Amino acid sequence: MNPDSETEMLKGFAEQEYKYGFVTNIESDTLPPGLNEDVIKFISNKKGEPKWLTDWRLKAYKIWLKMKEPHWANIEYPPIDYQAISYFSAPKNAADGPKSLDEVDPELIKTYNKLGIPLEEQEILAGVAVDAVFDSMSVATTFKDRLAEKGVIFCSFSEAVKEHPELIKKYMGSVVPQSDNFFAALNSAVFTDGSFCYIPPNTKCPMELSTYFRINEPNTGQFERTLIVADKGSYVSYLEGCTAPKRDENQLHAAVVELVALDDAVIKYSTVQNWYPGDKNGKGGIYNFVTKRGACRGKSSKITWTQVETGSAITWKYPSCILQGDNSTGEFYSVALSALKQQADTGTKMIHLGKNTKSTIISKGISAARGQNTYRGQVMIKKSAEGARNYSQCDSLLIGNKCGAHTFPYLDVRNTKSHIEHEASTSKIGEDQMFYCKQRGISEEDAINLIVNGFCKEVFRELPMEFAVEAQRLLEVSLEGSVG
Amino acid sequence: MLKIENLHVSIGGNQILKGINLEVKAGETHAIMGPNGSGKSTLAQVLAGHEEYEITDGKIEYLSKDLLGMDIEERACEGIFLAFQYPVELPGVNNTYFLKSALNAQRKYRGEKEMDAMEFIDLIGDKIKLLNLNDSLLKRPVNEGFSGGEKKRNEIFQMAVLEPKLALLDETDSGLDIDALRVVANGINSMRKEENAIIIVTHYQRLLNYIVPDFVHVLVDGKIINSGDKNLALELEEKGYDRIVEEAKA
Ligand SMILES: Nc1ncnc2c1ncn2[C@@H]1O[C@H](COP(=O)(O)OP(=O)(O)OP(=O)(O)O)[C@@H](O)[C@H]1O
Ligand SMILES: [Mg+2]
């Protein structure tokens with residue numbers, strides 16, 4: 001090892017130590033359940049935030065108080081008691097977690113093994129107390145260096161508030177305002193942390209950015225906030241999540257993700273999400289209410305959302321694009337799987353404002369066992385959007401007889417010089433298809449995987465290579481045993 | 001190799017096969033002819049293990065094992081191949097990838113090493129030539145949008161790659177043009193080996209000019225009413241089913 005990288009590593013290590021120190025410090029300050037202005041001030045204060053941000057949170061809280069939880073989605077869940085949630089629980093001390101993998105739900109370990117996740121990573125994911133994340137730390141450090149060379153900023157949201165307040169002030173809430181919806185308002189009031197990313201003009205980010213490398217403090221996942229700004233002529237590909245189900249104590253998740261693409265900038269945002277599905281009794285399944293939106297603010301800019309959703313008990317998610325800049329492009333590629341008793345209501349919104357703006361929507365819904373899958377898509381073409389074009393394709397695949405698929409496309413076209421195309425299909429894995437595959441010697445499970453992968457091909461193609469392979473594995477594991 | 005005794009099969013309460021007896025030895029080629037709806041496809045599907053049919057009586061022995069006790073994949077891996085009368089479409093599933101998965105599933109069953117992509121491509125090269133298969137069919141999803149004749153040719157291509165012990169060909173000739181018929185018949189003939197057997201279901205004597213059968217059986221209303229050599233097929237063509245049925249009764 002050369003001395004330079006060694007110092008770097010030690011430095012990284014020191015930072016890590018410091019973080020843990022910080023954690024221990026605040027632990028005694030964990031708040032009891034409940035939400036009011038004092039709670040928000042407490043959070044803001046604990047994070048050492050400037051006054052403008054405290055005020056911003058308080059404003060969001062006031063808006064939230066006046067809002068009602070939306071119930072238009074095609075999902076059912078028991079009422080959520082927002083006063084029963086603790087909005088500032090200090091990151092759990094590692095010692096509170098399981099002491100070893102032996103103490104972790106064996107089903108979870110089985111899944112990790114099927115996904116081929118190495119042991120050390122399994123420990124991190126399952127929240128096992130590990131002494132030092134040595135490997136990942138050094139990876140993270142070299143990673144930071146390479147980004148810094150190009151002037152790319154990639155850090156936690158809290159860090160960005162301290163180091164780059166002007167960028168945060170300018171862009172936070174500019175795509176998803178506090179008043180946007182109930183869950184976004186709640187997030188704006190109480191968000192804990194998240195990621196911030198800025199790509200300077202005419203820069204191609206030298207690597208795929210992934211939260212996976214940015215070691216998150218534990219327990220920030222519940223009200224996460226992400227902001228990505230791609231300045232003029234820049235390019236970034238961002239990967240969210242990981243295929244391994246992460247153990248999580250929080251049932252309710254309400255994240256906000258904002259993307260801003262300036263002139264000629266390109267943002268590719270890919271998500272492969274597999275929340276902890278709960279134990280075999282379904283306990284602990286995650287409710288995922290997330291607001292994701294991108295603004296193609298500059299001319300000829302482009303935002304692509306690609307998502308592979310499995311896992312959570314309830315998914316409420318509509319990654320959207322506001323196509324402001326002339327000739328800008330929005331794309332949405334989605335695979336959503338609902339198996340077991342999962343419910344997914346997901347889709348996208350494409351809002352065309354600029355001239356000759358273009359959007360593409362490819363949605364693949366898979367329902368198995370007793371899963372319910374709903375696609376909800378809106379294409380809005382405003383008067384100013386002359387020459388706008390949209391192409392939508394929504395396909396549903398049913399596996400078995402007890403599941404369901406629902407499609408709700410909404411169109412709102414105010415400009416006659418625009419063009420919209422919509423295609424939809426629902427198909428079922430037929431018994432004749434299964435017979436055909438089995439007659440060739442292929443097992444039932446492999447046959448289903450073949451057909452499902454064929455069904456999802458157009459979306460997988462949009463994912464970075466490695467992610468695509470993982471996504472494929474993930475679907476296979478998720479579908480296992482859900483047939484019949 | 002295959003021994004069917006007193007086979008009775010019904011579906012949805014309808015008795016379709018009413019006591020079939022048939023023995024097929026390794027190295028033999030049998031043709032089964034008969035009017036529409038007489039139960040030819042039913043017999044082929046039952047041999048392949050289709051679960052919709054109810055076996056009400058009889059037994060089937062295959063390679064000295066009880067065939068009816070085996071599930072569909074197991075039969076396939078033990079060397080039974082059914083070329084479908086109506087091949088099924090698998091949207092989005094690449095044709096070559098599908099066939100490779102099938103071959104590897106069978107190899108795994110037999111305890112052989114699975115083939116990687118390169119080895120597989122080597123293997124199929126000759127078969128593609130043999131069947132004069134259009135390259136683009138290999139890249140497309142299984143049977144999706146294939147013409148009737150292309151589907152049949154693809155079935156025989158799969159057969160050529162999987163090299164089954166017992167091939168059941170259900171009206172593989174229907175829908176083929178004259179040239180294609182010759183090519184496909186060639187492909188089937190290349191399969192005829194001492195250790196293999198073939199059962200061909202067909203309506204037309206024409207195919208049997210290319211693939212000369214050792215035995216011809218006439219299936220009418222769920223029963224084999226007549227068996228003979230290749231000349232029986234010629235006789236059928238000449239006289240039609242009605243007279244053969246009458247002669248059988250007499
Ligand atoms: N799923 C089903 N439900 C009810 N009847 C069926 C079903 N499948 C087959 N049959 C009936 O069984 C009989 C035999 O059908 P089969 O397909 O075996 O005939 P075949 O001899 O192959 O005819 P063809 O020469 O037209 O292909 C027919 O009367 C058919 O209608
Ligand atoms: Mg038939």
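The values are calculated or read from the model by the stated rules, or taken from the named source; none is laboratory data. These numbers come from a predicted model, not from an experiment. In this analysis, Cβ positions are derived from the backbone assuming ideal geometry, glycine residues included, and neighbour counts consider all displayed protein chains. We work out accessible area using only protein heavy atoms, side chains counted, and drop any ligands, DNA or RNA first. Shrake-Rupley method; radii C 1.70, N 1.55, O 1.52, S 1.80 Å.
Each peptide in B:124-131, B:189-196 receives the mean, over its residues, of other Cβ atoms within 10 Å, and ordering these scores from highest gives B:124-131, B:189-196. The coefficient of translational diffusion for chain B, derived via Stokes-Einstein from the alpha carbon Kirkwood radius under 20 °C and 1.002 mPa s, stands at 114 µm²/s. Taking a straight Cα-Cα cut-off under 16 Å and skipping sequence neighbours fewer than 8 places away in the same chain, the aspartates and glutamates within cross-link reach of A:Lys341 are A:Glu76, A:Asp279, A:Glu309, A:Glu480.
What residues does region A:426-450 have that are buried by at least 40 Å² of accessible area in the full protein assembly compared to the chain on its own, 1.4 angstrom probe? Correct list: A:Gln433, A:Phe435, A:Tyr436, A:Lys438, A:Gln439, A:Arg440, A:Gly441, A:Ile442, A:Leu450. Please state, as a whole number in µm²/s, the translational diffusion coefficient that the Stokes-Einstein equation yields for region B:153-250 at 4 °C and 1.567 mPa s, with Rh defined as the Kirkwood radius across alpha carbon pairs. Rounded, D is 90 µm²/s.
If you count, for every residue in B:88-98, the Cβ atoms of partner chains within 10 Å of its Cβ, what is the mean? Mind dumping the intermediate values first?
Values: counts 9, 4, 10, 9, 12, 10, 4, 0, 0, 3, 8.
Mean partner shielding for this stretch: 6.
Heavy atoms only, 1.4 Å probe, whole protein assembly: order B:Asp116, A:Asp412 by accessible area, highest first.
On the way: B:Asp116 80, A:Asp412 40 Å².
Sorted by accessible area, descending: B:Asp116, A:Asp412.
The aspartates and glutamates whose alpha-carbon is closer than 12 Å to the alpha-carbon of A:Lys355, local same-chain residues fewer than 8 away aside, are A:Asp326, A:Glu386. For A:Gly294, nonlocal amide neighbours, meaning residues 5 or more places apart or on other chains whose placed amide H falls under 5 Å from its own, are A:Leu259, A:Ser320, A:Cys321, A:Ile322. Among B:Lys18, A:Lys47, A:Lys364, the order of accessible area from largest down is B:Lys18, A:Lys47, A:Lys364, computed with a 1.4 Å probe on protein heavy atoms.
When you have a sec, figure out the Kirkwood radius of region B:73-161 from all distinct Cα pair distances and drop it here in Å to one decimal?
In region B:73-161 this quantity evaluates to 13.5 Å.
Only helical runs count toward this figure. For chain B, summing -39,500 (n - 2.57) over DSSP H runs of n ≥ 4 and dividing by all residues gives -12500 deg cm²/dmol at 222 nm.
For the peptide B:118-130, the mean number of other protein chain Cβ atoms found within 10 angstrom of a residue's Cβ is 0.
Over chain B, accessible surface divided per residue gives 45 Å², non-protein components excluded, 1.4 Å probe. With a Förster radius of 25 Å applied to the C-beta separation of A:Asp102 and A:Arg146, the computed FRET efficiency comes to 0.05. Taken over the Cα atoms of region A:297-387, the convex hull encloses 68 Å³ per residue. For the pair B:Asp179 and B:Lys139 in one chain, pulling the backbone fully straight at 0.36 nm per residue adds 12.1 nm over the alpha carbon distance.
Taken residue by residue and averaged, Cβ atoms of other chains lying within 10 Å of the Cβ of B:70-82 number 4.
Ignoring aspartates and glutamates fewer than eight residues from A:Lys428 along the same chain, the ones with Cα atoms less than 13 angstrom from its Cα are A:Asp395, B:Glu89.
Spatially, region B:142-157 and region A:409-484 are offset by 22 Å when compared through their Cα centroids. A Cβ-based charge dipole, computed about the Cα centre of region A:288-407 with Lys and Arg at +1 and Asp and Glu at -1, lands at about 260 debye. Here A:Tyr77 sits with roughly 40 square angstrom of accessible surface, probe radius 1.4 Å. Rolling a 1.4 Å probe over the protein heavy atoms gives region A:291-361 an accessible area of 23 Å² per residue. If you plug the beta carbon distance of B:Leu130 and B:Asn231 into 1/(1 + (r/R0)^6) with R0 = 30 Å, you get a FRET efficiency near 0.50.
Could you state the orientation-averaged shadow area of the convex hull built on the Cα atoms of region A:368-484, in nm² to one decimal?
8.9 nm²
Per-residue Karplus couplings for region A:258-270, computed as 6.51 cos²θ - 1.76 cosθ + 1.60 with θ equal to phi - 60°, are listed in order as 10, 10, 10, 10, 8, 2, 6, 7, 10, 10, 10, 10, 10 Hz, Gly and Pro entered as x. When the inverse distances between all different Cα atoms of region B:1-148 are averaged and flipped, the Kirkwood radius reads 17.6 angstrom.
Kirkwood-type hydrodynamic radius, region B:91-130: 10.8 Å, calculated from all non-identical alpha-carbon pairs.
If you build a Gaussian network model of chain B, linking Cα atoms that sit under 10 Å apart, which residue out of B:Ile178, B:Ile72, B:Ile80 swings the most? Result: B:Ile178 has the largest fluctuation of those listed. Taking the accessible area of region B:85-237, probe 1.4 Å, and keeping the other protein chains in place, the carbon and sulfur fraction comes to 50%.
Here the calculated FRET efficiency for B:Glu163 and B:Lys239, from their Cβ-Cβ distance with R0 = 41 Å, stands at 0.60, rounded to the nearest 0.05. Accessible area buried by the pairing of A and B, both sides summed with a 1.4 Å probe, works out to roughly 1900 Å². When only alpha carbons of region A:388-435 are considered, Rg and Dmax amount to 15.7, 50 Å. For A:Thr271, the residues 5 or more places off, or on other chains, whose built amide H falls under 5 Å of its own are A:Glu240, A:Thr306, A:Gln307, A:Val308.
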